[in-house]
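Some notes on the structure that comes next.
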Amino acid sequence: MKILHISTMSKGGAFLAANRLNDALIAHNIESKILVLETTGENTNAIPYLKHSNSFLYKLFYKLKKSILYRFKIGIGKYWRKHDSIREKEPCIYSFPISTFRVENHQLVKQWADIIHLHWCNNFINYPTFFKCINKPIVWTFHDISFKYGGFHFDIDFKRHYQAYCELEDALFKIKEKALRNKSNITLLALSKEIKHEIESVSYLSNKQIILLPNIINTKDFIVLDKQECRKYLKIVNKKVIIFVSENVDTESKGLNDLKIAVRGIFNNDDILLCIVGNFIKKDNSNDLNLLYTGKISDSNILNMYYSAADILVVPSYQESFSLTTFESMSCGTPVVAYPCGAITEYINENNGILCKTKDPNELKKCIQKALSINYNPYLIRNHIVNQINPEILVPKYMLLYNKIEKDQLLFS
């Protein structure tokens, strides 16, 4: 059996989850590959759809093609123009279910793969042609809730910006609905019970099989390390250390602003160091908080040390499907304080952290204070995760799913 994973970007949480699954399958002697739009220097295992995207001739051709579509409002061009006219005034994370790429014609898709496993594919696969052409079994992991919308990815953006985006949003939603409603070869994967419930609420998806399966965490990459030794190596001062980790720390829904408000409300917060890991636009130069911006950390060994150096990880996200950082932290034996959302709610207990009752900075402050006063057992925290979501446990479950849907496809084809 040959599994092809498809993801738009070769970075970010969705790609990281897809890549870990791909690596775990290969480690279990299963043929698996991952196809992305184009690769960055960090991830050489992924196969780029655009092999020559950096060449002068390709850039010239693509620029000319895009200019013609845009200028004359041809196909996707009219949606590009509409989006450009809106986002200058009301910017937010927004993506398209249509593109100029025809991924369905790629050799890996058309000939090599037995099963297509989709991940975060917006701005890459072209829904109308892709789903019309692909009759092979498709597994689709939803890494966010964009399936609910035409182009939005977060509830907060939909509520705030729908009035401005409504014409474009409604048109893109209809494209998704038309492409997917009658497709019977798609099995949907939900990373949490909350996401499963969200999928069931969308009319054009509710008739499809929905399976609950978590992402894989390579628990051999994230282990319990000595806290003081890690702090010494990383040159972290001896304070109460709170760590916050995100691909892009400025993304509003990740809740860093709530975390800063919460820490500011803690008496004697000078004894706290807030360590911020991830890409950022600009540093907060406030002198009332001890802040350490590390930038993005791609080396899992270094990230392991930061998790281990911390007293707690705080995840104040307003929306998560899974939250890889939560489970990486727990695998390192570091407790987690989090807002209630996604898979986080299914794994946090009194032995490994605190789940806030509400998504509110004042509630977050109370939970942080309580967590910092508890002497957690790092090995108990780690074992809770190792016994549930490591590759040895999850790869067989994924293989059972792949085998079942391939068999069902043969029976009904």
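The values are calculated or read from the model by the stated rules, or taken from the named source; none is laboratory data. What you are looking at is a predicted structure, and each value in this text was computed from that prediction instead of being measured. With ideal geometry, Cβ positions are generated from the backbone for all residues, glycine too; neighbour counts draw on all protein chains shown.
A few notes on this one:
- Here PHE267 fits the description: exposed (fewer than 15 other Cβ atoms within 10 Å of the Cβ) and out of contact with any strand residue (DSSP E or B) (no Cβ under 7 Å at 6 or more places or on another chain).
- Qualifying residues in the range 76-97 (those that are assigned to a loop (DSSP other than H, G, I, E, B) and touching a residue at least 12 places away in the same chain (Cβ under 8 Å)) - the one farthest from the chain's Cα centre (by Cα): LYS89
- In the set (1) surrounded by 24 or more Cβ atoms within 10 Å (Cβ to Cβ); (2) outside any helix (DSSP H, G or I); (3) of a type outside the set (A, V, I, L, M); (4) out of contact with any His (no Cβ under 9 Å at 6 or more places or on another chain), TYR306 fails one condition alone, (2).
- CYS133 meets the stated requirement of being within 30 Å of LEU401 (Cα to Cα) and assigned by TED's automatic domain parsing to the domain that holds MET9.
- Scan of the range 214-226 for residues that are surrounded by fewer than 17 Cβ atoms within 10 Å (Cβ to Cβ), touching a helix residue (DSSP H, G or I) at 6+ places or on another chain (Cβ under 7 Å) and within 22 Å of MET399 (Cβ to Cβ), ordered by number: ASN218, ASP221
- Considering only residues in the range 1-54 that are more than 20 Å from TYR402 (Cβ to Cβ) and among the acidic types (Asp, Glu), the one that is surrounded by the fewest Cβ atoms within 10 Å (Cβ to Cβ) turns out to be GLU42.
- The condition (being closer than 21 Å to HIS5 by Cβ and either hydrophobic (A, V, I, L, M, F, W, C) or within 23 Å of the chain's Cα centre (by Cα) (or both)) is satisfied by just one residue among ASN122, ASN29, ASN105, ASN135: ASN122.
- Within the range 250-273, the only residue that satisfies the criterion of being free of Cβ contacts under 8 Å to residues at least 40 places away in the same chain and in contact with a Phe, Trp or Tyr (Cβ under 7 Å, 6 or more places away or on another chain) is ASP250.
- Filter result (within 19 Å of SER300 (Cα to Cα), of a type in the set (A, V, I, L, M, F, W, C) and free of Cβ contacts under 8 Å to residues at least 40 places away in the same chain) within the range 19-75: ALA46
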